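Comments concern the structure below.
The values are calculated or read from the model by the stated rules, or taken from the named source; none is laboratory data. From a predicted model like this one, the values you see are computed outputs, not experimental measurements. As a convention, Cβ positions derive from the backbone with ideal geometry for all residues, glycine included, and neighbour counts pool all protein chains shown.
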Amino acid sequence: MTTDAKAEPKIVRCAIYTRKSTSEGLEQAFTSLDAQRESAESYIASQRHEGWLTLPERYDDGGYTGANVERPALQKLLADIREARVDCVMVYKVDRLSRSLMDFTRLLELFERQAVTFVSVTQHFNTNSSMGRLTLNILLSFAQFERELISERTKDKMAAARKKGQYVGGKPILGYNVDRDQHRLTVNDQEAELVKELFGLYLKERSCLAVAKIFNERSIKTKQHIAKNGRELGGHDWTAGQVLHLLRNVHYTGKVYYANQTYPGLHTAIVSEEMFQQAQDLLIENRLRPLQRINVQHAGLLSQLLRCRACQAIMIHTYTYQTKDHPKKYYYYICTAAQKKGYKTCPTRSVNARAIEVAAIDALRSLARDPQRQQEQLGVFGEQLRTELSALAGEQIILGERIQELTTRMAQMKERPPTLGTHGPLQGLADQLQEVERRSSELRIKRMSLEQELLSQEEMQQALVVTSPMWDTLFRQEQRRILRFLLKEVDYDARDGKLGLTLSPKGMKLLAAELHPAPRS
């Protein structure tokens, strides 16, 4: 007589994930993370008859919040799940994995795709049933509610500390050191003298850029400090923006700022309120000066197109007055990098607006009158377009092979007898197929769009309307609009005096179609 041997249970590889929000106490021999793991190991031991086995790999996140998934141990766990090294994820409580309902839902979707079970030691439920998922969502909603309450209490605590004049953290400012034990700022005598000099220089020079230039010429650097992650910050050359930031900082008057209100601080003032207010008044006056306004009504023809080649920075259109007695406006383009770092750093600095605009238009007119140059430029456009189309075609071939591979694997999996845990891998293949098909569709649309960009010589000639007698009769706004069709970019470098124009074949084609629409059938 024979008897059927009892089937061996399937091995279930269990990964234990633990988390603690703060790093307090992690140096002890037995921590909260160890307690969580011990409870999970006991639970797994009770399920040994079902084939449950504890993986030796530790996934411990000490000192990490549950508000997001940017945790090293969790990311390692997710990587192991994707590589099919885990069958079950164990936690002491649900909120150890995440306190965000949205993040938790995404994690569960990943677990389901990879056929991974999720178990909480102290909160019993089955994620395979609708009731279990409902219970889990309710628990997680309360966890998120608790996190939001903690966040609100923290904000209220910081607001109360601000109103008491305490220092509550942030980037240290020039002139002060941070006493973290007393939650206050203490004066750094050497830096404080530099702050007083900065305010005095601004009131004398009436320019943030001038102050930055003086400090840079004297090799004075911005304040240096070490961040919590060990990175060294600061110690750079000054810019006008950094000077402006310090001039507006109310800390220098011995006060703190919170929610549009100022409160007496616990730290000592460096600058008198009278000097601080003089600086604020001058900042307002400078902001209202026409010299620093960008002229919108008479915006330059090359606005948003012209770049300083030396600095790789945009050049903006602005103006000043030639004389005080005869206030005639003088228009020019100025390098934004020179504005921020000082004019000595840029060889171009500024350029006469009319001169460079005429030069750009003359270059386009020269191209419009030279069929041979047009043919050469069209050849360059065609070669660039063919290279891009070839790259897209190559990627489409690879994606087509991938689609065929995934379709075949899904068909083979569907033909097999259904077994426990096959739904997850099948869904994973379906998701991959959907993503590959989406990318293939994007490439197909992009290829069709590129193929329509092939520019003919006739279309180029039609678009180059700068040679037309009507050009000089157009408003500047319309001239500027046409130039944006014709050009991708204009660059200039005063070192060689050369002006470079980058044409836009797509824009030319669109402009030609607008100016010479095809007849309706």
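Once the range 353-411 is narrowed to residues that are touching a residue at least 60 places away in the same chain (Cβ under 8 Å) and among the small types (G, A, S), the residue that is farthest from L450 (Cα to Cα) is A359. Of all residues in the range 327-337, none satisfies being within 27 Å of T467 (Cα to Cα), at pLDDT 85 or above and part of a helix (DSSP H, G or I). Taken over the range 490-510, the residue count meeting the criterion of being under 18 Å from L450 (Cβ atoms) and hydrophobic (A, V, I, L, M, F, W, C) is 3. Within the option set K341, K324, being crowded, with 19+ Cβ neighbours inside 10 Å and at pLDDT below 85 holds for one residue only, K341. Being surrounded by 15 or more Cβ atoms within 10 Å (Cβ to Cβ) and out of contact with any Lys or Arg (no Cβ under 8 Å at 6 or more places or on another chain) is a property that V271 lacks. Residue count for the range 193-240 under the criterion of being touching a residue at least 40 places away in the same chain (Cβ under 8 Å) and in contact with a strand residue (DSSP E or B) (Cβ under 8 Å, 6 or more places away or on another chain): the result is 2.
So, in the range 461-492, exactly how many residues are among the acidic types (D, E) and either touching a strand residue (DSSP E or B) at 6+ places or on another chain (Cβ under 9 Å) or modelled with pLDDT of 90 or more (or both)? Talk me through it step by step, then tell me what you get.
At the first step, the residues of the range 461-492 found to be among the acidic types (D, E) are 472, 478, 489, 491.
Next, only the ones that are either touching a strand residue (DSSP E or B) at 6+ places or on another chain (Cβ under 9 Å) or modelled with pLDDT of 90 or more (or both) stay: 489, 491.
Selection size over the range 461-492: 2.
Of the candidates S219, S207, the single residue that is at positive phi and out of contact with any Lys or Arg (no Cβ under 6 Å at 6 or more places or on another chain) is S219. Residue-level check: of (1) surrounded by 15 or more Cβ atoms within 10 Å (Cβ to Cβ); (2) not in a helix (DSSP H, G or I), K488 misses just (1).
I need the full set of residues from the range 69-89 which are in a loop (DSSP other than H, G, I, E, B) and within 21 Å of G51 (Cβ to Cβ), in order please. I'd like the intermediate steps shown before the answer.
Applying the first criterion (in a loop (DSSP other than H, G, I, E, B)) to the range 69-89 yields 69-71, 83-87.
Within the range 69-89, E83, A84, R85, V86, D87 qualify.
Being at pLDDT below 80 and more than 30 Å from S98 (Cα to Cα) is a property that Q166 has.
Take the conditions part of a helix (DSSP H, G or I), buried (at least 17 other Cβ atoms within 10 Å of the Cβ) and at pLDDT below 70 and apply them to L107. Does it pass? No; evaluated as a whole, the condition is false for this residue.
Answer with yes or no whether N128 is at pLDDT below 75 and within 24 Å of S42 (Cα to Cα). Taking the combined requirement at face value, the residue satisfies it.
Determine, yes or no, whether D95 is in contact (Cβ under 8 Å) with a residue 12 or more places away in the chain, assigned to a strand (DSSP E or B) and touching a helix residue (DSSP H, G or I) at 6+ places or on another chain (Cβ under 8 Å).
Details: in contact (Cβ under 8 Å) with a residue 12 or more places away in the chain: yes; assigned to a strand (DSSP E or B): no; touching a helix residue (DSSP H, G or I) at 6+ places or on another chain (Cβ under 8 Å): yes.
Considered against the rule, which asks whether it is in contact (Cβ under 8 Å) with a residue 12 or more places away in the chain, assigned to a strand (DSSP E or B) and touching a helix residue (DSSP H, G or I) at 6+ places or on another chain (Cβ under 8 Å), D95 comes out as no.
Taking the conditions exactly as written (assigned to a helix (DSSP H, G or I), surrounded by fewer than 16 Cβ atoms within 10 Å (Cβ to Cβ) and aliphatic (A, V, I, L, M)), does L203 satisfy them or not? Here the answer is yes, as L203 does meet what is asked.
Output the residues belonging to the range 33-91 that are within 25 Å of L149 (Cβ to Cβ) and either exposed (fewer than 14 other Cβ atoms within 10 Å of the Cβ) or among the β-branched types (V, I, T) (or both). Give the derivation first.
First pass over the range 33-91, keeping only residues within 25 Å of L149 (Cβ to Cβ): 33, 35-36, 61-71, 74, 91.
Selection gives A35, G63, T65, N68, V69, E70, V91.
Scanning the range 338-358 for residues that are outside any loop (DSSP other than H, G, I, E, B) and within 18 Å of D491 (Cβ to Cβ) yields A338, Q339, T345, S350, V351, N352, A353, A355, I356, E357, V358.
Give the residue, chosen from L483, L499, that is farther than 22 Å from E383 by Cα, among the aliphatic types (A, V, I, L, M), outside any loop (DSSP other than H, G, I, E, B) and in contact with a Phe, Trp or Tyr (Cβ under 7 Å, 6 or more places away or on another chain). Quick ask: steps written out before the conclusion?
Details: L483 fails: in contact with a Phe, Trp or Tyr (Cβ under 7 Å, 6 or more places away or on another chain).
Only one candidate passes the filter, namely L499.
Within the range 74-104, the set of residues being hydrophobic (A, V, I, L, M, F, W, C) and either modelled with pLDDT under 85 or under 27 Å from the mean Cα position of the chain (by Cα) (or both) comprises L74, L77, L78, A79, V94, L97, L101, M102, F104.
Looking for whichever is over 16 Å from T117 (Cα atoms), of a type in the set (K, R) and at pLDDT 90 or above here; the options are R13, R58. Which one fits?
R58
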